[in-house]
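The values are calculated or read from the model by the stated rules, or taken from the named source; none is laboratory data. These numbers come from a predicted model, not from an experiment. Backbone-built Cβ (ideal geometry, glycine too); neighbour counts: all protein chains shown. Ligands, DNA and RNA are stripped out before the accessible areas are found, and what is left, the full protein with its side chains, is counted by its heavy atoms. Shrake-Rupley method; radii C 1.70, N 1.55, O 1.52, S 1.80 Å.
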Amino acid sequence: MTTPRTPHQTVSDAGQWAARDASVVWHGFTQMAAYVGSSPITVERAEGREVIDVDGRRYFDAISSLWVMTLGHHVPELDAAVIDQLGRVAHTTLLGNGNRVVVEFAEALAAVVPVDDAHVLFASDGAVAVEQAAKIAFQYWMNRGQPGHTQFLALGDAYHGDTVGALSLGDGGFGTELFDPLRFPVIRTPGYASPDWADKAVACVEANAEELAAVIIEPLVQGAAGMLVAEPEDLAKLGAACRHYGVLLICDEVATGFGRTGKLFASEWAGSDFRPDLMCLGKGITGGYLPLSATVVSGEIFAAFEGADLGEKTFYHGHSYGGNALACAVALRHLQLIHQWDVLANVTVVADRLASLLRDHVVGRPEVGAVRQRGLMVGVDLDPPGGATRWGRRVCAEAQKRGVLLRPLGDVVVLMPPLTTTLEEIELVVEVLAASIRVVGEQDQR
Ligand code: PMP
């Protein structure tokens, strides 16, 4: 194991930057009154998999900037793709016209997604990719003259984003109960925390096939729920039931897409017969460079929207920056690099090492409940002694002092290291994590 870095102790520019930050910036999912006191870092630049703050301190980005970065920050090849596209055009609207690099990226994407005869509707955020998928699924049945299909089946513990539609499909939590009156009702069966989730979902599909527009799942990993994991056979079972009963299947791969689980898309684990009708992509699609998301639909769905110009079968939906040219240029180069650099092979090797390190240093510790992993997506369930111990927060704060950036989901510490992480770096991450857990555990024994 490598030696963990010495904890950062000096106070200098960081505090001032945090104060300036809090006086004008409203950070998402953040209580701003507690912001400055929680010692946030203010990033100035990055090199590879490390971010560097305004004081020049380096941190290994073990959450890939909230799951978006894949190959690293400031990757010369990706930088060059953006700069090259800047020399042509940064953005033109896709409403009514096309853009060369968007066509090129859509072709490259359509060739690798497990969706039949794929067509791509671009947007900018993962939640909007989900929102679009829900609206497309709903209108698909209308366009086919089968208006009874108005319900969605979504899973317990699901998270699909923060817009009102995506929030409706999600199972709530994260303090969002306040918005419950705005959420549309869905049919919900248990999530991956229940061993029989797939049987329950299949039974529900069978019972409600005539009313369902679609089933939506996060294939293999329910990320925001704390990395709850499913077995590929269970996904296959649900996919087969959707096909059999004629219900659309939406796979939300915003978190799992682009290599995180060791395959390009998590849906691929369920076998070649598993063909989502719609797929939602975001986060890693540009390697973490620029906001881009996509709703990918099958040729059959796309065909249901063909009709007279300005007619009612048109999909009346589109976002100003959807399919941004700079974002598509970097996304195209990113997809090429994943193949050229054989990135998925690295994910497999590093994920195996990560699993064995976690087994040796984290699993079985008295402060730890369960550890769940699929590829380079990991959730470490802490088992605090009870009360408002904020263990998740405190463990991540200790890790930050030791030069590793983590962010908890409640008392689950999430690890989502970049796909290009080296074996040495993964050793550092686990060593820092284990040390941080130990320190917090010891503090609460006193
Ligand atoms: N779907 C899933 C599965 C997600 O994990 C997330 C974000 N964590 C979203 C959708 C929403 O994506 P965004 O934050 O880009 O809107």
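Which residue out of A325, A355, A304 is in contact with a helix residue (DSSP H, G or I) (Cβ under 6 Å, 6 or more places away or on another chain), away from the ligand (no atom under 16 Å from the Cβ), open to solvent by 10 Å² or more (accessible area, probe 1.4 Å) and at pLDDT 95 or above?
The unique qualifying residue is A304.
Restricting to region 125-156, what's the tally of residues that are in contact with a Gly (Cβ under 6 Å, 6 or more places away or on another chain) and either polar (S, T, N, Q) or buried (at least 22 other Cβ atoms within 10 Å of the Cβ) (or both)?
Final tally of qualifying residues: 7.
Going by what's in this entry, would V164 be described as surrounded by 16 or more Cβ atoms within 10 Å (Cβ to Cβ) and under 21 Å from the mean Cα position of the chain (by Cα)?
So V164 fails the test.
Go through E206, E231, E253, E211 for me and flag whichever is in contact with a strand residue (DSSP E or B) (Cβ under 8 Å, 6 or more places away or on another chain), open to solvent by 20 Å² or more (accessible area, probe 1.4 Å) and at pLDDT 95 or above.
The match here is E211.
What tally of residues in region 195-251 results from selecting those that are assigned to a strand (DSSP E or B) and basic (K, R)?
Selection size over region 195-251: 0.
Taking the conditions exactly as written (at pLDDT 95 or above, closer than 21 Å to H73 by Cα and in contact with a Ser or Thr (Cβ under 7 Å, 6 or more places away or on another chain)), does A331 satisfy them or not?
In short, yes.
Just to be sure, is S65 open to solvent by 40 Å² or more (accessible area, probe 1.4 Å), away from the ligand (no atom under 16 Å from the Cβ) and on the phi > 0 side of the Ramachandran plot?
no
If I ask for residues that are out of contact with any Ser or Thr (no Cβ under 9 Å at 6 or more places or on another chain), open to solvent by 10 Å² or more (accessible area, probe 1.4 Å) and not charged (D, E, K, R), which ones from region 107-124 would you list?
A108, A110, A111, V112
Would you tally the residues in region 107-156 being touching a Phe, Trp or Tyr at 6+ places or on another chain (Cβ under 6 Å) and within 15 Å of the ligand (Cβ to nearest atom)?
1
Only one of (1) within 10 Å of the ligand (Cβ to nearest atom); (2) in contact with an Asp or Glu (Cβ under 7 Å, 6 or more places away or on another chain); (3) not in a strand (DSSP E or B) fails for V254. Which number is that?
That leaves (2) as the condition not met.
Looking at the structure I just gave you, is T163 over 16 Å from M279 (Cβ atoms), within 12 Å of the ligand (Cβ to nearest atom) and without any contact (Cβ under 8 Å) to a residue 40 or more places away in the chain?
yes
Tally up the residues in region 330-360 that are in contact (Cβ under 8 Å) with a residue 40 or more places away in the chain and under 21 Å from the mean Cα position of the chain (by Cα), please.
Adding up the residues that qualify gives 17.
Conditions first: (1) open to solvent by 10 Å² or more (accessible area, probe 1.4 Å); (2) away from the ligand (no atom under 15 Å from the Cβ). E218 passes all but one, so which condition is the exception?
(2)
Could you tell me which numbered condition D196 fails, if it satisfies all but one of (1) within 11 Å of the ligand (Cβ to nearest atom); (2) open to solvent by 40 Å² or more (accessible area, probe 1.4 Å)?
The one condition D196 does not meet is (1).
Out of everything in region 257-288 that is small (G, A, S) and part of a helix (DSSP H, G or I), what residue ends up being farthest from the ligand (Cβ to nearest atom)?
Taking the candidates together, the pick is A270.
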